[in-house]
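The structure under discussion appears below in the form of structure tokens.
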Amino acid sequence: MSSTSGSRIVVTGATGNVGTSVVRLLSEDPQVGSVLGLARRVPDWSPPKTEWSAVDLASERAGLAERFAGADAVVHLAWAFQPTHDPATTWRTNVLGSIRVFEAVAAARVPALVHASSVGAYSPGPKDHAVDESWPTHGWPDAAYCREKAYLERTLDTFEREHPETRVVRMRPAFLFKRESASEQRRIFGGRFLPGPLARPELLPFLPDVPGLRVQALHTDDAARAYQLAVTSDARGAFNLAAEPPLDARVLGELLGARPVRLPRTAARSAIAAAWGLHLLPASPHLFDAVLRLPLMDCTRARVELGWLPERAATDVIQEFLEGLQQGAGARTAPMAGRKVG
């Protein structure tokens, strides 16, 4: 890191699920002198050493290079999940906006870029053993989220060849949850009017057991700690981030006290597709197809090179998130605003 007074870090998407955790940890880090949080809407939240600036990455005139000037690292987290019925809109924000960030990093000669990739960038892979960071990152082409994450992996391949002076880190986390993200994620994936109290385990007479539905989860704060370590070290390259155990119907059934019942893929997908087609459910059937094909990730590299280990088990993460759903939990930023429905 640079000066003795501490490094200057810029965080895009600083008011979302990951951004709020990353900003908080960086603001508490003695190695960090200042944090500039970029978001579409400036929040009513003032962590130590943190300033805010309103930026829309979908705009051609974002003025990013000026904001990045003098930064020791840029942590790029900004991402739009909706509207899922209009992939051109998310492409403009997620892909074209990210390319603007990368170009501004190069123009401002920022020494380090830490980019939020995802398990969703990976090509279909195994569910019975974990893969490392060398697994292909071509995504599942039918799902916009995976398509966009995979495209940016190729963009960063080119960026690294053209700008070897910039240290590039690609974080590939599993699904990220925390109590404060519950209301935001309910709106993004379940719909604005899905009642949070329905998340009570005692209301689940059975749990759908869909073949291939075996995924990994991670507490957002644990992921943020990996970002913090990447910023304050000389690490470069890709890092898988996930907690144990992998989540499937058996594990969730034990956690929730619900009996797993086998449900064919076609039946589950048809129900999701019908709800999505009627605009009752924001999560698309294409994303469901991708989730069934995501590989399990091996996180050895993060443990060895970053010294990172998750502090919370995946089952504890889900339990905390469900409690947040029931309570309408949130935080003091526009994306994370709490709201109890039902």
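The values are calculated or read from the model by the stated rules, or taken from the named source; none is laboratory data. Predicted model, so just to flag it, every value in this text is computed and none were measured. Using ideal geometry, Cβ is built from the backbone for each residue, glycine included, and neighbour counts are taken over all protein chains shown.
Summed over the stretch 309-327, the residues that are in a helix (DSSP H, G or I), small (Gly, Ala, Ser) and surrounded by fewer than 18 Cβ atoms within 10 Å (Cβ to Cβ) give a count of 0. The set of residues from the stretch 275-323 being β-branched (Val, Ile, Thr) and in contact with an Asp or Glu (Cβ under 9 Å, 6 or more places away or on another chain) comprises Thr300, Thr315, Val317.
If only residues of the stretch 261-319 that are of a type in the set (Val, Ile, Thr) and more than 17 Å from the chain's Cα centre (by Cα) are counted, the one that is farthest from Leu218 (Cα to Cα) is Thr266.
Out of curiosity, is Leu252 under 25 Å from the mean Cα position of the chain (by Cα), surrounded by 17 or more Cβ atoms within 10 Å (Cβ to Cβ), under 21 Å from Pro211 (Cα atoms) and aliphatic (A, V, I, L, M)?
Numbers: under 25 Å from the mean Cα position of the chain (by Cα): yes; surrounded by 17 or more Cβ atoms within 10 Å (Cβ to Cβ): yes; under 21 Å from Pro211 (Cα atoms): yes; aliphatic (A, V, I, L, M): yes.
Yes: the conditions hold for Leu252.
Of these, Ala39, Ala62, Ala88, Ala78, which one is modelled with pLDDT under 95 and closer than 23 Å to Ala334 by Cα?
Numbers: Ala39 fails: modelled with pLDDT under 95; Ala88 fails: closer than 23 Å to Ala334 by Cα; Ala78 fails: modelled with pLDDT under 95.
Testing whether each residue is modelled with pLDDT under 95 and closer than 23 Å to Ala334 by Cα leaves just Ala62.
Take the stretch 303-329 and flag every residue that is without any contact (Cβ under 8 Å) to a residue 40 or more places away in the chain and aliphatic (A, V, I, L, M). Explain how you work it out, then say what you get.
Pass one, the stretch 303-329, residues without any contact (Cβ under 8 Å) to a residue 40 or more places away in the chain: 303-304, 309.
Listed by number, the residues that qualify are Val304, Leu309.
If only residues of the stretch 150-191 that are hydrophobic (A, V, I, L, M, F, W, C), in a helix (DSSP H, G or I) and in contact with a helix residue (DSSP H, G or I) (Cβ under 9 Å, 6 or more places away or on another chain) are counted, the one that is nearest to Ala108 (Cα to Cα) is Phe159.
Within the stretch 30-51, being in contact with a helix residue (DSSP H, G or I) (Cβ under 6 Å, 6 or more places away or on another chain) and under 20 Å from Pro111 (Cβ atoms) holds for Val32, Val35, Gly37, Lys49. In the stretch 18-28 there is at least one residue matching the filter, namely being closer than 24 Å to Thr155 by Cα and of a type outside the set (Val, Ile, Thr).
Quick grid of which residues meet (1) charged (D, E, K, R); (2) in contact (Cβ under 8 Å) with a residue 60 or more places away in the chain; (3) closer than 21 Å to Leu294 by Cβ:
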| position | (1), (2), (3) |
| --- | --- |
| Val119 | no, yes, yes |
| Pro126 | no, yes, yes |
| Glu133 | yes, yes, yes |
| Tyr145 | no, yes, yes |
| Leu156 | no, no, yes |
| Thr166 | no, yes, no |
| Arg179 | yes, yes, no |
| Phe189 | no, yes, yes |
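Taken together, Ser21, Ser46, Ser27 contain a single residue that is surrounded by fewer than 17 Cβ atoms within 10 Å (Cβ to Cβ) and either within 21 Å of the chain's Cα centre (by Cα) or without any contact (Cβ under 8 Å) to a residue 40 or more places away in the chain (or both), which is Ser46.
Search the stretch 84-114 for residues being without any contact (Cβ under 8 Å) to a residue 40 or more places away in the chain and closer than 23 Å to Gln185 by Cβ, and hand back the single one that is surrounded by the fewest Cβ atoms within 10 Å (Cβ to Cβ).
First, the residues of the stretch 84-114 that are without any contact (Cβ under 8 Å) to a residue 40 or more places away in the chain: 86, 88-89, 92-93, 96, 103.
Okay, now just the ones that are also closer than 23 Å to Gln185 by Cβ, so 86, 89, 92-93.
Values: Asp86: 11, Thr89: 15, Arg92: 15, Thr93: 19.
Taking the candidates together, the pick is Asp86.
Among the residues of the stretch 265-280, the ones that are closer than 22 Å to Thr90 by Cα and in contact with a Phe, Trp or Tyr (Cβ under 8 Å, 6 or more places away or on another chain) come to 1 in all.
Here is a yes/no grid of residues against (1) closer than 23 Å to Thr12 by Cα; (2) assigned to a loop (DSSP other than H, G, I, E, B); (3) touching a Cys at 6+ places or on another chain (Cβ under 7 Å):
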| site | (1), (2), (3) |
| --- | --- |
| Val95 | yes, no, no |
| Glu103 | yes, no, no |
| Val114 | yes, no, no |
| Gly120 | yes, no, yes |
| Ser123 | no, yes, no |
| Pro126 | no, yes, no |
| Trp135 | no, yes, no |
| Trp140 | no, yes, yes |
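Within the stretch 77-92, does at least one residue satisfy the condition of being charged (D, E, K, R), closer than 30 Å to Ala290 by Cβ and out of contact with any His (no Cβ under 7 Å at 6 or more places or on another chain)? Checked against the condition, which is being charged (D, E, K, R), closer than 30 Å to Ala290 by Cβ and out of contact with any His (no Cβ under 7 Å at 6 or more places or on another chain), the stretch 77-92 yields at least one hit.
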